[in-house]
Structure formats: C-alpha cells, structure tokens
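The next block holds one structure in the form of structure tokens; read it before the comments.
The values are calculated or read from the model by the stated rules, or taken from the named source; none is laboratory data. Not measured: the values here are computed from a predicted model. Glycine also receives a Cβ, built like all others from the backbone with ideal geometry; neighbour counts cover every protein chain displayed. Calculation scope for accessible area: heavy atoms of the full protein, side chains included, ligands and nucleic acids excluded. Shrake-Rupley method; radii C 1.70, N 1.55, O 1.52, S 1.80 Å.
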Amino acid sequence: MLPPAFFGILMKMMSGKVCCLIGLVCVGLAASGCRSLGPRTIPKDRADYSEAIGDSWMRQTLLNIVKLRYNTAPVFVDVASIVGGYSTESEVGGALNFSWPNAADVANINGKLRFTDRPTITYTPLTGGKFMRSLITPIRPEELFFTIQSGWNAGAILTAGVASINGVRNREQSPEGATAADPDFIRVVQLMGKIQQSGCVGIRIVLDQQKHQTTLLTFHNENMPPEVRDQIGELRRLLRLDPDAKEFRLVYGNAASSNTEIAVRSRSLIQIMSLMSAEMEVPEAHIKEGRTTPGPQHGAKPLARIRCSPDKPDDALVAVKFRNHWFWVDDRDVPSKRGFSFIMLLFTLADAGEQQNLPLITIPAQ
C-alpha cells in the first residue's frame, strides 16, 4: 500500500496541468456555445442575397438586350427560392498521462470545430402564355403616368415607354429602319418634365356605376405660377386639347376621339428592349462580318447608352461578356442608368402569371 505522502506529492506535481486541461476543455465547450446560429445570419444574408439577385437580374436583362441586337432569342430565368442551410459541430477532448518517479508527466487536449454553409438555390425558366403576354403587351398608359406621379423622371418615362401621344410620334426602330421623333413630341416631353416639377399635374381614378374604371389626367390651376400656366397652355396646343378643360381622359390608342381625351400608344417591354438594343454600341468588325446590323442614324440620344469594349470595364453599373466583347453601362452616366433602371422597374411590375409545372434547375452550392 502506497503511503499517503505519495498522493500529496502527486497532486502537487499535476495540479497545474490538471487545471490547465480543465480550463482548455471549458473554453472549448464555451466556444461551441448554445446560442442559435440562424437569427445571427439573417441581417447579413438578407442583404447579400438581395444584392446578388439584383445584380444577376440586371446582368440577365443586359445580356438579353445584347442578344436582341444579334438576332438571338432572349431567355429569362428567375430565382424561385433560396434555402439556406447552416450547421456547426464541435468536439473537445483531453488526456492526462503520468508515471512515477522519473518519466515526465504529459497533459494534452484536442478539439474540432466545423462550420458548414450549404444553400440550395432553385431557378425557374420564365415561360408560358402569361409571361410572354407581359413582354409583348403594351404597358397601360395609366401605369406610365402613375410612375411619373410617383417621382420618376417624366422625360425618361415618356421617351422610353411611349410611341405616340394624340398622334404626335416618338422615334421608332423597326427592321426596315429608324424613324426620327416629331419635333412636337420632343417638346411635349420637355413640357411634361417641367410641369411635373411644378406639381401641377396629377392622376385621378373614377369608377362609374358599373364599376368601370376611368383614369383622368388633371391639371391644377390653383396658385399656379405664370410660367407653368404658359407651359400647360403650350402643351394643350401641341396635343390639340380643350384649352379650358381641367381633366382629360387617359386612353390607349393612336388618336384621341375628342379634345378632352389623351390617347397614348405605349410600348411593350420587348419593344423598349429592342429599341435599346438597336441603339447600343457594337464592334465594327461584327457589322462588316454580318453578325449584326448598323444602328439607327436619327442622331437622338439613346434611351440608355450601352457601350462596347474588348476589355472588361473598370467602373460599370452592369456588364456582360458576349461574343468575346464586353457590353456595359457606365456607372457615371446618370441618364443611361435612369433608362436602364426603368427597364428593371418594368420587369418588377410585369405579371409573370400563375406558376406552372415547369422544369426546375436546382444547384446545391457547397
């Protein structure tokens, strides 16, 4: 039987290492933690996924605009769902070895901590009758004017989204060639921009007894500055409107049926994209080789200037590579950014229709 003194000496020798070992184990267990991982990921993940989806949607839109210039069918794919999966695993262990009297005592600790991020992203090709109709159906005139009333630039909205107002024609682009805008249309756009800034124009919805909706464009005369009154008077003359009426019925069409009606022939989403594609820059070699056609020669400022270069741009709002060239919108070109943002707004408002039994592409990101 070992004497009691032996145990006293042993405890003194090993007490320091035992305490160290216990402390390391406790630290490892505390590091593994009992706090929930999920809630802490929401603030960062939500912002990061939102930015990534927005950037990818802009790149897809620009790529389809470029494809239209090269007579290639556009393809749209939506991010249907994102399922984030996180897991943490921790393992801590320790060992204490000693011998008496000459061998050195040994204390060791080992641990393992593993973090896994495995999101599953599901893509849905956008197709079907309803989505295609949302691309080829003209935008409703009231939606355009509601967008203007909400603060979007009237000049950009009307130039991009309207083909004619009361027969006054905007510029057009077709396979047969380009047609310049009527000078009166350019002046109408300028006047609408100035009147918008004054706050003297608005939209009003009226329902009749049969619940049929009528959209009215109204001009406010109360406390109107003289220069705004003159601008509204000029706008009435250019559009052949009643000089005394305060409200005008907003309809879709080529020509108004009376002088109290504003007939707007609006463009569809695919028409606006086609116009942008016709006005974009392309390599001269591609034109000479017959890969694409020359752009319009009307001399008007493009809806959004899409530039082209063989090298990747340094400061782009959005850029895509196609046929070994980079096509991009300069982040310092405010008018072009505004025009491109209008396209993105239209996609946001577009009705993709009811979900159908479509093929899904699921890519586990590991």
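Summary table below
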quantity	calculated
Considering residues of the stretch 322-347 that are closer than 16 Å to Met273 by Cβ and part of a strand (DSSP E or B) only, the residue farthest from the chain's Cα centre (by Cα)	Phe322
Filter result (basic (Lys, Arg) and under 27 Å from the mean Cα position of the chain (by Cα)) within the stretch 267-308	Arg267, Lys301, Arg305, Arg307
Number of the exception - Thr260 against (1) under 35 Å from the mean Cα position of the chain (by Cα); (2) surrounded by fewer than 19 Cβ atoms within 10 Å (Cβ to Cβ); (3) of a type in the set (Val, Ile, Thr)	(1)
Hits in the stretch 153-187 (condition: modelled with pLDDT of 90 or more, assigned to a loop (DSSP other than H, G, I, E, B) and open to solvent by 30 Å² or more (accessible area, probe 1.4 Å))	Gly167, Asp182
Pick from the stretch 272-292, criterion in contact (Cβ under 8 Å) with a residue 24 or more places away in the chain and more than 22 Å from Leu158 (Cβ to Cβ), ranking: most open to solvent (accessible area, probe 1.4 Å)	Arg291
Residue within the stretch 43-66 that is modelled with pLDDT of 55 or more, of a type in the set (S, T, N, Q), over 30 Å from Phe347 (Cβ atoms) and within 35 Å of the chain's Cα centre (by Cα) present	no
Subset of the stretch 127-152 that is surrounded by 20 or more Cβ atoms within 10 Å (Cβ to Cβ) and of a type outside the set (Phe, Trp, Tyr) - its residue that is nearest to Val83 (Cα to Cα)	Ser134
Residues satisfying the stated conditions in the stretch 40-77, i.e. of a type in the set (A, V, I, L, M), in contact (Cβ under 8 Å) with a residue 24 or more places away in the chain and surrounded by 13 or more Cβ atoms within 10 Å (Cβ to Cβ)	Ile53, Met58, Leu62, Leu63, Ile65, Val66, Leu68, Val77
Among residues of the stretch 240-257, those that are out of contact with any Phe, Trp or Tyr (no Cβ under 9 Å at 6 or more places or on another chain) and open to solvent by less than 70 Å² (accessible area, probe 1.4 Å), counted	2
Candidate set from the stretch 200-242 (those that are in a loop (DSSP other than H, G, I, E, B) and at pLDDT 90 or above); member that is farthest from the chain's Cα centre (by Cα)	Asp242
